[in-house]
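S.K.: Sending over a structure as structure tokens; questions will come in a sec.
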Amino acid sequence: MINQKNVQLGTVRSCIRELFEYGKKRKAEMGEENVFDFSIGNPNVPTPPEVNAAIKEIVDTYNPVFLHGYTSAQGDFETRKVLADYTNARFGTKLNADCFYITCGAAASLTIVLNALLNEGDEVITFAPFFPEYKVFTEHAGGKFIPVKCEEDTFHIDFSRLESAITAHTKGVIINSPNNPSGVVYTEDEIIKLAKLLEKYSKKYGNPIYLIADEPYRELVYDKDTKVPYVMSYYKHSLVCYSYSKSLSLPGERIGYVGVNNEMPDFSEVYAAVCGAGRALGFVCAPNLFQQLIKKVYNLTSDISIYKRNRDKLYSALTEYGFKVVKPDGAFYMFVKSPEKSAVDFCERAKKYELLIVPGDDFGGEGYVRISYCVAPEMLERSLPAFKKLAESYR
Ligand SMILES: Cc1ncc(COP(=O)(O)O)c(C=O)c1O
């Protein structure tokens, strides 16, 4: 018999995908402009013009045998060196090329890291609400997935809940800041407190607890006072899963990396395990065209002012209509409290107004809905009367 867990994963679509497909059907029936699709986190801001120009230049001038050939399994040395130099200049780390493993995006980075670290039955904690694939990736790597609820109404880390969830089997904690789906960015104090707690329990149980920072939204923050602390500056046993999917609007190109902190005492073993997991999973040698591209555009970001304007407009409209919303600091999601107990029922009602929003249940955020505001500003503007009617339908 073939593996039934995989059959199940391949058969049951996520509710986001389900809604996305429904949206396509509905747009065909009603006309594109009459359906307000906030279901998916696909960047609507184009990649910066420098990115396409660099791709053209690379394709036109590089030796095609090199360009379309294999690189080292962990990625082109020069690209990894550029990543190390850039990270050191930006965050004061002392990384080198051999701290990096280039991957096909954050999803691959996370799968590699979890497979590298976990033994059967090890526990991985994350904070709810969370990106639903964390559960899939953790369980497939043989781990036990332990969601810990964030503080109600702020979505910041609830340290007493976290402390009660840590056991002798805790191998890792995944954080995602800026967060999908809440938009929250963890403060420096919060990261310091987290690092201290993980140090305390690593010592108590005699095994390191690894901190895994999932960072596809690192560059997407909207207020100048909002800083995203770099975990390697605060905690030795840390790894970063990065991706250019959102920062450069390149989700279809599948490019990102794993960074391993070389300050951790067991660095050599952990980096070897990352390379081993990449090998075992078949994630070797990420697409070379995009590895070469990263060398040229590593410090660019798409025009995020569009997301900021969308955030501000949507936040002020929804709060005016009476919805309860925590203002997001970053990413391009808003997590809104459902006016009725069941977020699934709320989303069904929203569909009557052609609003496609996702129940928080799969994110471990029951009673909330996720709105992705990486959408055309005109569509967002047109959707506001529908949100208003939806709010009024609860009075
Ligand atoms: C929190 C989070 N982590 C990881 C990913 C996967 O990103 P990538 O496209 O780089 O695989 C996503 C994608 O939406 C995400 O939201």
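The values are calculated or read from the model by the stated rules, or taken from the named source; none is laboratory data. Computed from a predicted structure; not experimentally measured. Here the Cβ positions follow ideal geometry from the backbone for every residue, glycine too, while neighbour counts run over all protein chains shown.
Rundown of residues vs (1) part of a loop (DSSP other than H, G, I, E, B); (2) within 14 Å of the chain's Cα centre (by Cα); (3) more than 13 Å from the ligand (Cβ to nearest atom); (4) surrounded by fewer than 17 Cβ atoms within 10 Å (Cβ to Cβ), yes/no style:
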{"residue": "ASN179", "(1), (2), (3), (4)": "yes, yes, no, no"}
{"residue": "LYS196", "(1), (2), (3), (4)": "no, no, yes, yes"}
{"residue": "SER202", "(1), (2), (3), (4)": "no, no, yes, no"}
{"residue": "LEU211", "(1), (2), (3), (4)": "no, no, yes, no"}
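S.K.: Determine, yes or no, whether MET232 is in contact (Cβ under 8 Å) with a residue 24 or more places away in the chain, more than 16 Å from the ligand (Cβ to nearest atom) and part of a loop (DSSP other than H, G, I, E, B). Please lay out each step first, then the result.
M.R.: Values: in contact (Cβ under 8 Å) with a residue 24 or more places away in the chain: yes; more than 16 Å from the ligand (Cβ to nearest atom): yes; part of a loop (DSSP other than H, G, I, E, B): no.
So MET232 does not fit the description; no.
S.K.: Here's a follow-up. Based on what the data block shows, is ARG80 away from the ligand (no atom under 16 Å from the Cβ) and in contact with a helix residue (DSSP H, G or I) (Cβ under 6 Å, 6 or more places away or on another chain)?
M.R.: Details: away from the ligand (no atom under 16 Å from the Cβ): yes; in contact with a helix residue (DSSP H, G or I) (Cβ under 6 Å, 6 or more places away or on another chain): yes.
It is true that ARG80 is away from the ligand (no atom under 16 Å from the Cβ) and in contact with a helix residue (DSSP H, G or I) (Cβ under 6 Å, 6 or more places away or on another chain).
S.K.: Right, here's the next one. If you take the residues of the range 125-156 that are among the hydrophobic types (A, V, I, L, M, F, W, C) and free of Cβ contacts under 8 Å to residues at least 60 places away in the same chain, which of them is farthest from ALA277 (Cα to Cα)?
M.R.: At the first step, the residues of the range 125-156 found to be among the hydrophobic types (A, V, I, L, M, F, W, C) are 125, 127-128, 130-131, 136-137, 141, 145-146, 148, 150, 155.
Among the residues that remain, those that are also free of Cβ contacts under 8 Å to residues at least 60 places away in the same chain are: 125, 127, 137, 141, 145-146, 148, 150.
Details: ILE125: 20, PHE127: 25, PHE137: 13, ALA141: 10, PHE145: 19, ILE146: 22, VAL148: 27, CYS150: 31 Å.
In this case the residue turns out to be CYS150.
S.K.: Restricted to the range 259-306, and to residues that are in contact with an Asp or Glu (Cβ under 8 Å, 6 or more places away or on another chain) and of a type in the set (A, V, I, L, M, F, W, C), which residue is farthest from TYR101 (Cα to Cα)?
M.R.: Checking each candidate, the answer is ILE304.
S.K.: Pick from TYR315, TYR217: which is modelled with pLDDT of 95 or more and in a helix (DSSP H, G or I)?
M.R.: Numbers: TYR217 fails: in a helix (DSSP H, G or I).
Within the list TYR315, TYR217, the selection yields TYR315.
S.K.: Hey, does the range 139-153 have a residue that's modelled with pLDDT of 95 or more, within 12 Å of the ligand (Cβ to nearest atom), among the β-branched types (Val, Ile, Thr) and surrounded by fewer than 24 Cβ atoms within 10 Å (Cβ to Cβ)?
M.R.: no
Let's see how each residue does on (1) away from the ligand (no atom under 16 Å from the Cβ); (2) under 16 Å from GLY364 (Cβ atoms):
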| residue | (1), (2) |
| --- | --- |
| ASP85 | yes, no |
| ALA107 | no, no |
| ILE175 | no, yes |
| VAL184 | no, yes |
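S.K.: Of the residues LEU250, LEU239, which is within 16 Å of the ligand (Cβ to nearest atom) and touching a helix residue (DSSP H, G or I) at 6+ places or on another chain (Cβ under 6 Å)?
M.R.: On the way: LEU250 fails: touching a helix residue (DSSP H, G or I) at 6+ places or on another chain (Cβ under 6 Å).
The match here is LEU239.
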